[in-house]
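Below is one structure, written out as structure tokens, with a few remarks after it.
Throughout, read-outs are computed from the coordinates displayed, never taken from laboratory work. All values derive from a computational prediction rather than experimental measurement. Don't worry about glycine lacking a Cβ; one is built from the backbone with ideal geometry, like all the others, and counts go over all protein chains shown.
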């Protein structure tokens with residue numbers, strides 16, 4: 001699931017919205033953000049980055065992510081599936 005960011009003004013899929021947040025927060029290239037990419041091992045997130053990323057997701061999608069839930073979000077794909085499980089589609 002390599003993600004390409006949409007042109008300005010286009011509706012973004014959930015995956016693209018998540019990718020945009022990750023690219024911005026972790027300073028990685030969009031083509032590095034794949035479903036199997038590990039946030040820490042592949043994308044270089046440290047513990048502070050992970051906290052900030054969870055806060056970005058909470059703010060963007062208007063939800064609360066518990067510490068336990070956040071600790072379980074290890075890959076980009078797991079973030080997508082978690083948000084879908086909360087009823088968020090785009």
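Here are the numbers for the structure shown:
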| read-out | value |
| --- | --- |
| Whichever residue in region 47-64 is surrounded by 15 or more Cβ atoms within 10 Å (Cβ to Cβ) and within 20 Å of residue 13 (Cβ to Cβ) and, among such residues, is farthest from the chain's Cα centre (by Cα) | 61 |
| Which listed residue is touching a helix residue (DSSP H, G or I) at 6+ places or on another chain (Cβ under 7 Å) and assigned to a loop (DSSP other than H, G, I, E, B), from 34, 60 | 34 |
| So residue 71, is it at positive phi, free of Cβ contacts under 8 Å to residues at least 12 places away in the same chain and either exposed (fewer than 12 other Cβ atoms within 10 Å of the Cβ) or touching a helix residue (DSSP H, G or I) at 6+ places or on another chain (Cβ under 6 Å) (or both) | no |
